[in-house]
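J.: Sharing a structure, written as structure tokens. Questions coming.
The values are calculated or read from the model by the stated rules, or taken from the named source; none is laboratory data. All values derive from a computational prediction rather than experimental measurement. Cβ atoms come from the backbone with ideal geometry, glycine included; neighbour counts cover every protein chain shown. In case anyone asks, the SASA skips ligands and DNA or RNA and just uses the protein heavy atoms, side chains included. Shrake-Rupley method; radii C 1.70, N 1.55, O 1.52, S 1.80 Å.
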Amino acid sequence: MGKDIIIKAANTVPSERQYNWQQMEFYAFAHFGINTFTNREWGKGDESPSLFNPTDFDAEQWVEAVKSAGMTGLILTAKHHDGFCLWPSKYTEHSVKNSPWKNGKGDVVKEVADACKKGGIKFGIYLSPWDRHEPTYGSGEEYNTFYKNQLRELMTNYGELFCLWFDGACGEGKNGKKQEYDWAGYYSLIRELQPGAVINICGPDVRWCGNEAGKCRESEWSVVPSSMVDNEKVAEKSQQEDDASFAKKVDSTDEDLGSRKVIEQASDCVWYPCEVDTSIRPGWFYHKNQDRKVKSLKKLIKIYESSVGGNASLLLNIPPDKKGRIADADVKRLKELGNYIKNTYSENLAKGAKANASECESDKVSANMALTDDKKEFWKPCDGTETAELTVDFGKTVKFSRMVLGEQILVGQRVEKFSIYAEKKGKWKNVFSGTVIGYKKICKFRKTKASKIKIVFERSRVCPTLSKLEVYR
Ligand code: FUL
């Protein structure tokens, strides 16, 4: 049993939509709504729509800012817990249609969807299941019908969505209203209307990392026990009114989700990759008094490199202000971050190098396949070869301090432990050791000068694979 389930884990692969999503790597959240105007994090649901009145709304400015950081998509809070809808929903009066903005003729969802399309990034929707305004909330079926109607509006009128993002949805607490959500019904509607979209957090496609501080695990496995896909469990832990302390709280959930020890105890396993979500500011919504609390470039780099470079994706929240624009401080920081990423990871020193491996299953999966830009190509030894080595010869001395590695996740996630060595005066010197690789691992180490490097795969499930091997200054 133990061994069988490890083999099964090694051969568990992403769905097409999960694979496409994984390649997006880094994308934005925009928390915008009635809270922007009341200076709150959680609205009560009794706010007047007349409060919603951005004076200089400009979705294209959001998209420009997001793109300058190298982000590939944007998820908008079409409705947060207060129930106020950023689109003129047919099913409630609590929306932009009763606001003074554009005399009630405006549609934020449409403008943001159009701006994303024009800017060439993907668009996604956050629709809070918990609704403090809607009177049918807590009724069971009636609310589920209302919610599905809203989902249908959002999934049919705004083009292709890459993601539907559902948070914990149980903010009422023990004594509040209890809504029995029809999750299965929501999911099947999404599969029908937006088959390419992933369903995140309270959903089967993308897993919450477990905190809002921007941290992920040292060993972030995309293959975990099937029991992890449990809405009730996610719901319990993921939702708390955000103050700085919740945002800082680091992992309240299990540290080890996918090691052999954990998988061996599981009855089944699934591909359920990790997403790190955090805000560029202490709150999720814009608050003027946080203008000076925009995360530092250093902090954002750390979050980016540990998440995107740690087999997770990064969802970074940038809250637009009361004008309906991304504030100057955030615009500036996003540009700095984008420049850093571009400058650091553009010149791959392993281009043109030659690779050799201790074993290759066939010519189609030779060591050099790890060096090509083609994402489908990869190196692989024979099944059952759990330890192996791959050497790269630059043909000249190069100076470097980073490597970016990636497994071929289309065949599964397998590497459990590896080390990187550089050749110095004929001797191999260890420069880095790590655990999992997965879709993408950024390895940072001391500046090293060498003409050859070697990656030793010390432990893996079935056999290691490598589809990406890049070296940077
Ligand atoms: C949480 C919500 O309660 C927060 O307000 C925010 O939307 C965050 C992303 O998810 O569950």
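J.: Taking the residues in the range 190-225 that are assigned to a loop (DSSP other than H, G, I, E, B) and within 14 Å of the ligand (Cβ to nearest atom) as candidates, determine which candidate is surrounded by the fewest Cβ atoms within 10 Å (Cβ to Cβ).
T.: 213
J.: A further question on this structure: Residue 187 versus (1) modelled with pLDDT of 95 or more; (2) within 16 Å of the ligand (Cβ to nearest atom); (3) not polar (S, T, N, Q): which is the lone unmet condition?
T.: With (1) modelled with pLDDT of 95 or more; (2) within 16 Å of the ligand (Cβ to nearest atom); (3) not polar (S, T, N, Q) applied to residue 187, the lone miss is (2).
J.: Could you figure out which of (1) touching a helix residue (DSSP H, G or I) at 6+ places or on another chain (Cβ under 6 Å); (2) open to solvent by 30 Å² or more (accessible area, probe 1.4 Å) isn't true of residue 76?
T.: Going through the list (1) touching a helix residue (DSSP H, G or I) at 6+ places or on another chain (Cβ under 6 Å); (2) open to solvent by 30 Å² or more (accessible area, probe 1.4 Å), residue 76 breaks only (2).
J.: Ok, one more. Which of the residues spanning the range 16-30 are within 16 Å of the ligand (Cβ to nearest atom) and either open to solvent by 10 Å² or more (accessible area, probe 1.4 Å) or not hydroxyl-bearing (Ser, Thr, Tyr) (or both)?
T.: Listed by number, the residues that qualify are 28, 29, 30.
Here's the yes/no breakdown for (1) of a type outside the set (A, V, I, L, M); (2) free of Cβ contacts under 8 Å to residues at least 24 places away in the same chain; (3) more than 28 Å from residue 63 (Cβ to Cβ):
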site	(1), (2), (3)
306	yes, no, no
326	no, no, no
335	yes, no, no
340	yes, no, no
362	yes, yes, yes
374	yes, yes, yes
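J.: So, one more: If you go through the range 31-67 one residue at a time, how many are away from the ligand (no atom under 16 Å from the Cβ), under 30 Å from residue 340 (Cα atoms) and among the hydrophobic types (A, V, I, L, M, F, W, C)?
T.: So the answer is 6.
J.: Contact list please: Cβ distance under 7 Å, first residue in the range 445-473 and small (Gly, Ala, Ser), second residue in a loop (DSSP other than H, G, I, E, B), pairs at least six apart or on different chains.
T.: 460/386; 460/414; 467/375; 467/377; 467/378; 467/407; 467/408
J.: Tally up the residues in the range 68-99 that are over 25 Å from residue 119 (Cβ atoms), within 16 Å of the ligand (Cβ to nearest atom) and either of a type outside the set (D, E, K, R) or part of a helix (DSSP H, G or I) (or both), please.
T.: Number of matching residues: 3.
J.: With respect to residue 37, determine if the residue is outside any loop (DSSP other than H, G, I, E, B) and either open to solvent by 10 Å² or more (accessible area, probe 1.4 Å) or touching a Leu at 6+ places or on another chain (Cβ under 9 Å) (or both).
T.: yes
J.: With the condition being open to solvent by less than 20 Å² (accessible area, probe 1.4 Å) and within 16 Å of the ligand (Cβ to nearest atom), I'd like the strands (runs of 3 or more DSSP E) fully within the range 260-339 carrying at least 2 qualifying residues.
T.: Answer list for the range 260-339: 274-279, 312-317.
J.: Go through (1) out of contact with any Phe, Trp or Tyr (no Cβ under 6 Å at 6 or more places or on another chain); (2) part of a helix (DSSP H, G or I) and name the single condition residue 178 misses.
T.: Result: residue 178 fails condition (2) only.
J.: Could you list, in sequence order, all residues of the range 153-184 that are surrounded by 20 or more Cβ atoms within 10 Å (Cβ to Cβ) and more than 16 Å from the ligand (Cβ to nearest atom)?
T.: Matches in the range 153-184: 154, 155, 158, 161, 162.
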